[in-house]
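Down below is the structure, laid out as structure tokens.
The values are calculated or read from the model by the stated rules, or taken from the named source; none is laboratory data. The structure presented is a predicted model; accordingly, all values stated were derived computationally and were not measured. Virtual Cβ from ideal backbone geometry, glycine too; neighbours counted across all protein chains shown. In case anyone asks, the SASA skips ligands and DNA or RNA and just uses the protein heavy atoms, side chains included. Shrake-Rupley method; radii C 1.70, N 1.55, O 1.52, S 1.80 Å.
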Amino acid sequence: MNVKTIRQDFPILRTGIIYFDNAASSLTPEPVLEKMMEFYHEYRANVERGVHRLSQKAGEEYANARSKVADLIHVKPEEVIMTKNTTEGINTVASGLAWQKGDRVVVTNIEHHSNLIVWLRLKKRYGVDVEVVRANSEGIFDVADFERAIDDRTKLVTVTHASNVLGAITPVAEIAAIAHERDALMLVDGAQSVPHIPLDVREIGCDFLAFSGHKMCGPTGIGVLYMREDLLDEVEPLCIGGGTIKDVGLDYYQLAQGPHRFEAGTPPIAEAIGLGAAVDYLQGIGMDAIRAHEARLIMKMYNEMVAIPKVTVYGPEPQRRVGILSFNIEGLNPHEVALALDVTAKIMIRSGAHCTLPLMKDVIRHPAGTVRASTYLYNTGEEVDKFLEGISELSASLT
Ligand SMILES: Cc1ncc(COP(=O)(O)O)c(C=O)c1O
């Protein structure tokens, strides 16, 4: 993997910035932008509505994008639903299953708000019980806690594959096996895993997997919900309308089968095609290589960060995480740290609660949140050095 060559594909990097806010959103490489421009320049038309050549070509490219995504996560194209983002995918599952009072959803205390409040709404609306499994202070689970929490009333277990704050990787395959033993469904929030680690849905054995294009070198406005084939007819779409039907009369409608059932109205065509190009881009480099590169960066970042005075690092040892590192500097608000690094060294990092207030309250116990640095394929060891230098200087300035 040649990072120097890869960096040339990302025009923003030419401005001299160091981008460590990848967990929030990644940068977009030229081939993705070019593919989207190709759509606008050469076959800008709606999909699946016309017999003319432009519509045919756009439809073909849209279908290709679906197949590329399916290939990335090892599922059938028919099981790939194009959404807006991870949040929409999770909402589709929450609103689409038939809930009854007393049904149970098992979640965890490290979830992003997008994988928590949708379930709390079910509690309010239908009297669904929301059972919370707690991670330890590093974001690591005892799988036996899932054995205890999942029972025959559990309809769904929903867990993040990697914490967007602690970086901790969750043993989703083991949890899915427990869920299935008890006839519960399993949803995996793959927002922080699909972009960074080789992932095979068949190995995880989940029923749903949601993720976002904008975190994996794709454009904004496009995401994916994998849904196991035999559930496609069972789950009620979030939105219905044009494109989702098989037949309509003035007093009836029959929904289509397959992913189209969930893709109401004109989809984000350029964005879906761009996501397909992003998948090509990532696979061209290789997910194994990306994972190995990020593992090296986070190892270095973690090992040197824990040695800096006044710094508290959260989360597990680097081997158990994706390229995410949250920390605080004693005496400084997280936003002050993030601002200082931007102003002094053009380093972009995130600060605050990262849409995980319960995790801040329950696990980290730091109401102001944390500072978070997160890596991707274009980051380098030299950038990590500059970042660590910046943190060391800030820490030293406090003494
Ligand atoms: C773990 C996790 N889940 C869900 C989301 C929501 O993603 P999106 O805003 O793309 O819907 C994020 C975004 O940061 C995330 O990190």
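Number of residues in segment 151-189 that are assigned to a loop (DSSP other than H, G, I, E, B) and small (Gly, Ala, Ser): the value is 3.
Can you confirm whether ILE324 is open to solvent by less than 20 Å² (accessible area, probe 1.4 Å) and in contact with a Gly (Cβ under 6 Å, 6 or more places away or on another chain)?
Taking the combined requirement at face value, the residue satisfies it.
Do we have LEU187 as free of Cβ contacts under 8 Å to residues at least 24 places away in the same chain and within 16 Å of the ligand (Cβ to nearest atom) here? Against the criterion (free of Cβ contacts under 8 Å to residues at least 24 places away in the same chain and within 16 Å of the ligand (Cβ to nearest atom)), LEU187 does not qualify. A single member of ALA63, ALA70, ALA24, ALA98 is away from the ligand (no atom under 16 Å from the Cβ), surrounded by fewer than 22 Cβ atoms within 10 Å (Cβ to Cβ) and closer than 30 Å to VAL3 by Cα, and it is ALA70. For segment 334-349, a residue qualifies if it is without any contact (Cβ under 8 Å) to a residue 40 or more places away in the chain and over 17 Å from ALA24 (Cα atoms), and the qualifying residues are GLU336, VAL343. Tallying residues that are more than 24 Å from PRO198 (Cβ to Cβ) and either touching a helix residue (DSSP H, G or I) at 6+ places or on another chain (Cβ under 7 Å) or without any contact (Cβ under 8 Å) to a residue 24 or more places away in the chain (or both) within segment 318-331 yields 3.
Among the residues of segment 161-177, those identified as among the aliphatic types (A, V, I, L, M) and crowded, with 21+ Cβ neighbours inside 10 Å are ALA162, VAL165, LEU166, ALA168, ILE169, VAL172, ILE175, ALA176.
Taking the criterion of being in contact with a helix residue (DSSP H, G or I) (Cβ under 6 Å, 6 or more places away or on another chain), within 12 Å of ILE222 (Cβ to Cβ) and among the basic types (Lys, Arg), the only residue of segment 61-94 that qualifies is ARG66.
Among the residues making up segment 302-325, a single one is of a type in the set (Ser, Thr, Tyr), touching a Leu at 6+ places or on another chain (Cβ under 9 Å) and over 24 Å from MET287 (Cβ atoms): TYR314. You will find that of ARG121, ARG125, ARG153, ARG104, the residue that is open to solvent by 20 Å² or more (accessible area, probe 1.4 Å), more than 15 Å from the ligand (Cβ to nearest atom) and under 23 Å from GLY223 (Cβ atoms) is ARG121 and no other.
Counting residues in segment 49-58 that are surrounded by 14 or more Cβ atoms within 10 Å (Cβ to Cβ), under 30 Å from GLY284 (Cα atoms) and touching a residue at least 24 places away in the same chain (Cβ under 8 Å) gives one or more. Among all residues of segment 139-150, there is none that is within 12 Å of the ligand (Cβ to nearest atom), open to solvent by 10 Å² or more (accessible area, probe 1.4 Å) and in the same structural domain as GLN257 (by TED's automatic domain parsing).
Note on segment 193-312: enclosed helices (runs of 4 or more DSSP H) holding 3 or more residues that are touching a residue at least 60 places away in the same chain (Cβ under 8 Å) and open to solvent by less than 10 Å² (accessible area, probe 1.4 Å) are 269-285, 287-305.
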